[in-house]
């Protein structure tokens, strides 16, 4: 299973959010590195817990920016965040109950969700934020 590699095309032109996205990639890649570990279930549980906590923190920051800029699709975007945290928490809970390896389906889900969310939903944020900045608003920060 392949690692995630950051590409400049993933940037949303917000240094704080981009840095957090990169950190989510690092956590995912740490999970990939640990898949062949002998004490797999404990490491997977710890890594999924770390990913859940960091994603929750990151989503809160994104949502504050959406509120700050008056993003019109914030409700839908927040729902994606909530659904992801629920799914990640469930995956984490299920991993605590297993001695076997994490399934390829779980790893693929994590990878595909991160990429799809950044490339679709978060890049829409970039377009919206940049349009606000070009319309005379100064770039806002939290």
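Bear in mind that the values in this text are calculations on the coordinates, not laboratory data. If you're wondering where the values come from, they're calculated on a predicted model, not measured in any experiment. All Cβ positions, even for glycine, are placed from backbone atoms using ideal geometry, and neighbour counts span all protein chains on display.
Quick look at the values:
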read-out	value
Residue-span extension gain [residue 121 to residue 133] - 0.36 nm each, minus C-alpha spacing	2.4 nm
Translational diffusion of the range 12-134, µm² s⁻¹ [Kirkwood Rh, Cα pairs; Stokes-Einstein; 25 °C; 0.890 mPa s]	161 µm²/s
In nm, spacing of pseudo-spin labels at residue 85 and residue 57 (7 Å Cα→C-beta vector)	1.4 nm
Simple label model, 7 Å out from Cα along Cβ direction - residue 29 to residue 64, nm	2.6 nm
